[in-house]
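Before any comments, here is the structure.
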Amino acid sequence: MWEIILNKKIYHFVLAGVMFLAAFNLPVFAFPEYTSRQKALKLAGVLDEGFFRSIKIASVFVKNRGEDDYYLQAILDDGSSRKWLINRIREWTHADELILSKNRALVFPSQGSTDFGVLDKNEFYRTVLNATAFVKTFGKHDVLEGKSLILGVRRFRILQAGDKKFLTTNRFGERYRYVLELENGSREYFTYTDAFGFLQRTALLQEDPENVSVLRKTFKVRELKKIPLQKEDELRGIWRFGIEVVFDGPLLTSPDWFPYQVVEFKMRDPETGRYKAQFFLQIIFPNSEKIREVSGFKNHEYLRYVEIDADVEHQKRVILRAMINPDALDLPPFIEITDRNSVIVNFYSTTDQSLTQSPDLLASHSAGELPRSVFTPDQVETEFETHYLEAVGMIRAAQEQLNTHLRIETYFKALEALKQAALSAEFDIQIAQALKQRDILLRTMPKLIIRNVQMTILAMQLDGEDAKPDPEMTEILLKQLIHAERYATTQDQQQKIVSLQSILR
Amino acid sequence: MFKFFIIFFALLFIIFTGCSTKSSDSLSEEKQQELEQEKITEDLEKKADEFPVSLDAAATAEETEPAPTSDENELKAQKEQKTPEVFKPEQQESDDASMIDKTNSGHMLDRFELIPDKQTPFLTFQGFFDPGQFHHIQITPGNSKTETIVILPNTFINNVLFPERVVTSFSDDGILEKLKIEEKITSTESGGIDFQVILSISSIEEHMLVLDSEKSDSRRLTFALQKPKKKKIQTIATKEQRVENVVEAKVVPPKNNLREAMLLHPVTALMSFRHFDQLNVAILNASPHLGGAQRLAVMLDRQQKRMIEKRMGMKLKIVNISSVREQTILPKTKIYFHANFLKAALILAEVLPGEQVLEPVPDSRVSNLATDVKIYVGNNFE
């Protein structure tokens with residue numbers, strides 16, 4: 001026995017066997033060979049009367065190899081009987097070796113699963129030829145993942161010799177069959193499986209939807225403008241600046257179609273020669289084009305080398321790019337669409353690093369799952385939410401109010417709403433946040449009130465000594481000062497309040 | 001000479017019978033997971049208390065196939081089959097199917113409660129639960145449109161407090177019609193015990209069952225019974241082979257209500273999120289290199305953990321190490337972060353070698369709230 005095994009010839013056989021296996025192993029086993037009984041029965045029905053390598057399929061049977069492993073046995077018109085594993089069937093459909101009857105195509109939409117579908121090509125042609133709009137949904141790991149754009153359809157064609165992707169395949173080995181030329185100038189190449197998917201999710205629309213605009217041309221970038229630094233939130237000391245991207249026409253879409261990403265590049269430091277990580281913030285504009293030179297800026301607050309470029313990897317996309325210091329980026333950018341054919345990308349800066357940290361609750365040290373935000377995950381608005389949203393709305397509205405007196409009055413109303421929110425809170429996070437916002441307001445209000453009273457008295461003095469103070473206003477100001485006195489944090493504030501009270505009285 | 005052939009074919013036969021039951025994909029995946037698992041096990045043995053990933057996880061990610069039987073039954077194809085073929089939606093994201101702590105923890109069901117609500121009723125199970133294993137719960141459609149199957153792995157039923165196995169006593173105006181509970185305890189080949197509970201939930205009208213992670217914790221497990229927001233579209237299938245699929249109607253722009261508007265704006269969002277003391281990170285291998293996720297996890301956990309934690313002001317916890325089964329290879333490592341975790345993601349990116357791309361978690365994937373940051377290890381990670 002050992003003599004035989006150690007004989008040199010045996011090595012040749014073993015080597016041949018290993019090579020055979022290695023060659024067989026890669027694509028053949030990438031897809032399941034067997035399927036469930038139910039699917040096998042249905043697949044057999046679908047394949048019946050089709051053609052396998054130009055030979056008509058006379059009959060297809062289902063066989064099993066174990067309790068759950070089913071495959072097909074086909075009898076062809078030439079009298080031969082063949083064992084068909086599911087992975088082989090899938091490959092033959094890709095290579096057009098297995099053709100269904102009635103101008104249909106077999107597709108396996110899920111990679112790694114034997115779920116299958118049947119594309120009725122005639123029905124597909126009727127649908128696509130009548131389509132006026134195409135719902136383009138962006139795939140996994142695209143920055144626009146899960147989002148859809150509705151694009152006008154210009155022309156549908158079956159790929160022919162000479163076309164760009166004729167006879168080429170996608171990464172799953174499926175041949176591109178069709179091309180859809182869109183009105184914005186982009187092209188969608190797709191396979192039978194893609195076509196099946198389009199029909200499944202009604203991606204081909206015969207009529208324009210009522211509530212969403214169909215994009216028939218790209219947005220063309222005209223210029224970039226700086227939006228100067230301005231105060232965003234006086235309570236937290238947050239500042240805002242921005243970049244305005246002006247387009248050639250109205251943007252018929254919503255701000256969430258313009259996502260952002262941060263990209264890290266390792267760049268060589270010219271001084272040291274070492275590679276250093278540089279971070280670039282990129283705002284993506286789909287369905288957009290840069291058809292002429294648009295000058296950017298070298299600096300704008302913490303942004304460096306602000307420029308707009310065409311995306312070289314994707315059709316009809318432009319990218320607003322700026323180098324950033326990651327330590328300065330405390331808050332994400334916020335996109336606004338204006339009514340002057342532009343998009344403003346707002347950036348925020350703050351010196352208070354603790355702002356990005358909400359109250360550190362003792363409860364958050366527990367291992368259990370706790371709510372992330374003050375809002376409950378379901379869409380039902382609780383009493384707390386009603387009051388809390390009202391308070392936040394008032395705080396934001398107050399900050400836009402130029403009249404200090406009115407602003408203080410709005411803050412008082414916000415304080416009341418926060419109190420109501422705290423009283424109706426159901427979770428620690430809710431009450432903690434309500435109290436935190438209250439404390440921020442209380443900390444800021446004495447300073448505001450003092451300034452307001454000072455300005456009012458000054459205005460009265462400027463009116464002349466004879467000007468009679470409005471008793472109603474005086475009463476309001478005194479009330480404000482009482483509130484300020486209660487929450488004044490410094491000796492200086494206390495002294496000013498006493499002084500102002502005596503003047504008013 | 002004849003003996004050579006016999007030996008040769010015997011060898012081939014042995015090799016084939018070993019290979020033919022599984023695809024190369026699953027084999028390479030298994031191998032990858034085994035390799036990762038071995039490395040993790042070594043690491044964990046050295047540092048058992050510090051490393052947060054459980055040991056025998058890879059075993060659960062594998063699909064064991066039944067041994068082939070020799071009897072072959074022949075069935076004539078039923079050409080006039082009228083039952084529609086239903087494409088099952090993916091039961092869970094492939095990249096989540098990795099590490100399950102099956103050793104010492106699990107769930108125990110004591111009782112259940114149906115919380116009625118006009119918009120979204122909740123089905124809550126009370127007992128003892130391991131929140132770390134919530135993402136392994138599988139929710140699949142049942143035999144009918146109104147039935148949903150929920151598989152709770154590593155779960156027992158408290159037979160004293162919860163003796164019923166079929167509950168039909170629901171109020172007439174409620175959403176539920178029937179609740180069937182089945183406990184499955186099987187012994188594994190290694191001599192261990194595999195236990196799970198299968199819930200079969202039948203409702204009066206069509207609904208979508210969603211695990212509510214915010215209403216679930218160590219003492220309760222809550223499912224929201226949501227009205228389906230998706231519309232059903234039937235197309236192109238013949239009578240024999242009708243394919244149904246549930247597709248989200250994406251044509252309509254999302255409603256931008258006050259709450260969403262507040263959460264979207266960075267300043268007002270500051271007023272709504274709470275501070276976390278722990279960053280849950282999942283690391284998934286989306287590179288062609290074996291063990292990429294594991295190597296990154298070891299690097300983060302051993303070499304950089306203290307520094308990262310100091311900079312972030314949070315503990316770093318690696319909750320999942322896995323590989324992506326979606327045949328995706330990313331050229332660059334990608335870091336997905338949930339709202340309010342931009343700063344943490346930037347700190348991670350600064351620490352990681354190579355070039356990274358950081359993106360907020362897409363809206364279509366935000367349902368998985370158990371992980372704050374997901375790192376897809378790309379081809380550029382070495």
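Points worth noting:
- At an R0 of 56 angstrom, the distance between the Cβ atoms of A:THR169 and A:LEU435 translates into a FRET efficiency of 0.40.
- Rg of the Cα atoms in segment A:119-205, relative to 2.2 N^0.38 Å, amounts to 1.05.
- Expressed in Å, the radius of gyration and Dmax of the Cα atoms of segment A:219-355 are 15.6, 48.
- Per-residue mean of foreign Cβ neighbours for B:352-363 is 6 (Cβ atoms of other chains, 10 Å radius).
- Size of electric dipole in segment A:107-259: Cβ of Lys, Arg +1 and of Asp, Glu -1, about Cα centre, debye, nearest 20: 560
- Here segment A:82-125 has an Rg and Dmax of 10.8, 33 Å, counting Cα atoms alone.
- Neighbouring Cβ atoms from other chains, within 10 Å of the Cβ of residues in A:231-237, number 2 on average.
- Average projection area in nm² (convex hull over Cα atoms of chain A, one quarter of hull surface): 42.7
- Between A:ARG82 and A:ASN103, the contour length at 0.36 nm per residue exceeds the alpha carbon distance by 5.2 nm.
- For the pair A:GLU49 and A:ASN299, the difference between a 0.36 nm per residue extended length and the Cα-Cα distance amounts to 83.1 nm.
- Over segment B:292-340, the hull volume per residue, using the convex hull of the C-alpha atoms, is 111 Å³.
- At most 14 other Cβ within 10 Å, DSSP loop - chymotrypsin sites (Phe, Trp or Tyr not before Pro), segment A:148-246: A:PHE172
- Rg/Rg_globular for segment A:49-171, with Rg_globular taken as 2.2 N^0.38 Å and Rg from C-alpha atoms: 1.33
- Model label points for A:LYS479 and B:ARG365, set 7 angstrom from Cα along the Cα-to-Cβ axis, are 5.4 nm apart.
- Virtual paramagnetic centre 7 Å along Cα→Cβ of B:ASN380, amide N under 16 Å, in segment B:339-364: B:346-359
- For B:GLU177, distant residues with modelled amide H under 5 Å away: B:SER202, B:SER203, B:ILE204
- Separation in nanometres of the label points that stand 7 Å from Cα toward Cβ, at B:ASN143 and B:SER218: 4.0
- Put simply, when A:77-89, B:149-161 are sorted by average Cβ atoms within 10 angstrom per residue, most first, you get B:149-161, A:77-89.
- Convex hull volume of segment A:30-101 per residue (C-alpha atoms, cubic angstrom): 73
- Shown for chain A are the DSSP H helices of 27 Å or more along their axis, judged by Cα atoms, with a mean Kyte-Doolittle hydropathy of at least 1.0: A:8-28.
- FRET efficiency, 1/(1 + (r/R0)^6) with R0 30 Å, evaluated for A:ASP470 and A:GLN494 via beta carbons: 0.70
- Mean ellipticity per residue at 222 nm, deg cm²/dmol - from DSSP H runs of n ≥ 4 across chain A, formula -39500 (n - 2.57): -11000 deg cm²/dmol
- Equivalent ellipsoid semi-axes, segment B:128-178, via Cα gyration tensor eigenvalues times 5, rooted, Å: 22, 18, 10
Read the figures in this text as sums done on the coordinates, not as results from a lab. Only a predicted model underlies this, so the values are computations on that prediction, with no experimental measurement involved. Neighbour counts are summed over all protein chains in view; Cβ atoms, including those assigned to glycine, are modelled from backbone coordinates with ideal geometry.
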